[in-house]
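Below you'll find the structure, written out as structure tokens, and then a few comments.
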Amino acid sequence: MSKMRFNPDYWLGQCLDDFVAFKTLNDLVGDDTAIDSHLSSLVVISADGTSVPAEHAEQIRNHQITGVKNLIRHFGGLTIVGLCTSFEVAVREFYEAWFFRYPSQLHEFVEHKSIKGTVPLAEVLRSDSKESLIKELAVKAASNASQGKYSKILIRASTLSKFEFPNDLQDRISSIQEDRNNTVHEKLPHSGGIKEISEAYDIVSEAIMFLADVAYKSGVPGAYSCLNPVEMVLTDMHFQSVSDA
């Protein structure tokens, strides 16, 4: 059976994709020439097919401009949700790999009939091997460990690993979760722009990087090039590592 791995490289890439998509839209919406070109392609006519008075056409144009500008608020909220989803799945993957690597720490996160650290006999008997049983329990424990407030989830990882959790990250990641909940549960529009989305991207990336650092230093199998990225330069149309240049 294959080992369970943590892949922060992938989840950081997913976060970057979300941020770049929003930035691309923001740049487009902020380009007055592009907006004018779009609006100029629209033909405004009345219900009976006659031309619309100039003042009415201008009102319609202004309404269209407002609608385009409001895309930023709409997709800002969706970008926050996307960043948080990447974080949540990354956290679950971290804990699956963690508990598979350190099954002795499963005790607090699995239970049977409200008794912590116990497993139903039927579950033990249907497992093909000890490793397969640990894998099943790791998935179950990870689901429990990754529930709740983002800050508590990260502090939990700090406690299990005995790695210090950066205190300033606690409030910042909690703020991102609050923004996410406002969008998902309250359908509130996101009030920020590119600055706020950039900050959210940085915070979520920092949280995933914290988990990456914990996992790497604790010997959890995974992909950790994000901790020591290879810088590339283009020389004579060939890529090479800066260290080899």
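The values are calculated or read from the model by the stated rules, or taken from the named source; none is laboratory data. Here the structure is a predicted model, which means the values were calculated and not measured. When we count neighbours, we look across all protein chains shown, and the Cβ atoms used for this are built from the backbone with ideal geometry, even at glycine.
In this structure, THR159 does satisfy being loosely packed, with under 14 Cβ neighbours inside 10 Å and of a type in the set (Val, Ile, Thr). The residues in the range 84-139 that are at pLDDT below 80 and either part of a strand (DSSP E or B) or polar (S, T, N, Q) (or both) can be counted, and the count is 8. Examine the range 15-30 for a residue that is surrounded by fewer than 12 Cβ atoms within 10 Å (Cβ to Cβ) and at pLDDT below 75, and state whether such a residue exists. There is no residue in the range 15-30 that is surrounded by fewer than 12 Cβ atoms within 10 Å (Cβ to Cβ) and at pLDDT below 75.
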